[in-house]
Amino acid sequence: ENINKWPKEKKILLLQLLGVEEGSSEALKAEFKEVNGLQLLVKFMKDNKRNDLMSLVDNLKGAYDNYLIVLIGEENGGLPIVVSASKEAIAKGFMSGKVVKDVATILGGSGGGRPDVASGAGRNYDKISSALEFANNLNK
């Protein structure tokens, strides 16, 4: 049975039973959701700095061929953002630089980068849910 087709809650429970730490790249692989053929991961990672987010993105890239990852962290009173898109996602118009700029703007900041990976930062904690909602609706 392909566990990637399991509901998110079931995959997370299995990982917990196996002792996989929450917030690790292995645990995050279970949190991708398929939206119109694109594997999407959008998450606020409290207490994760930009370097932590970049490491997580690097470890998550191989999980799927067609993905878009949007991670928001927390560092020195700011909200670092890291976005990564697969070649397939880029071909569909999901450029990491544009996505990070849009998310950062919602959070009162700025960002940019390459089509495949980009970063930025915001500062408005009260807009985190709006930024996550925006990112979760990117491929709908």
Of the candidates N59, N76, N66, N51, the one satisfying the condition of being without any contact (Cβ under 8 Å) to a residue 60 or more places away in the chain, touching a Ser or Thr at 6+ places or on another chain (Cβ under 9 Å) and open to solvent by 40 Å² or more (accessible area, probe 1.4 Å) is N59
Taking first residues from the stretch 106-122 that are over 15 Å from G73 (Cα atoms) and second residues anywhere that are open to solvent by 60 Å² or more (accessible area, probe 1.4 Å), the pairs with Cβ under 6 Å that are 6 or more apart or on different chains are G112/K101; P115/M95
Counting only residues that are within 19 Å of V100 (Cα to Cα), surrounded by 17 or more Cβ atoms within 10 Å (Cβ to Cβ) and not aromatic (F, W, Y), the stretch 24-48 contains a total of 8
With the condition kept exactly as written, say whether any residue in the stretch 89-103 is on the phi < 0 side of the Ramachandran plot, crowded, with 24+ Cβ neighbours inside 10 Å, outside any helix (DSSP H, G or I) and in contact (Cβ under 8 Å) with a residue 12 or more places away in the chain.
no
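The values are calculated or read from the model by the stated rules, or taken from the named source; none is laboratory data. No experiment lies behind these values; they were computed from the predicted model shown. Reconstructed Cβ throughout: ideal geometry from the backbone, glycine too, with neighbour counts over all protein chains shown. When the accessible area is computed, the model is the full protein with side chains, heavy atoms only, and any ligands, DNA or RNA have been set aside. Shrake-Rupley method; radii C 1.70, N 1.55, O 1.52, S 1.80 Å.
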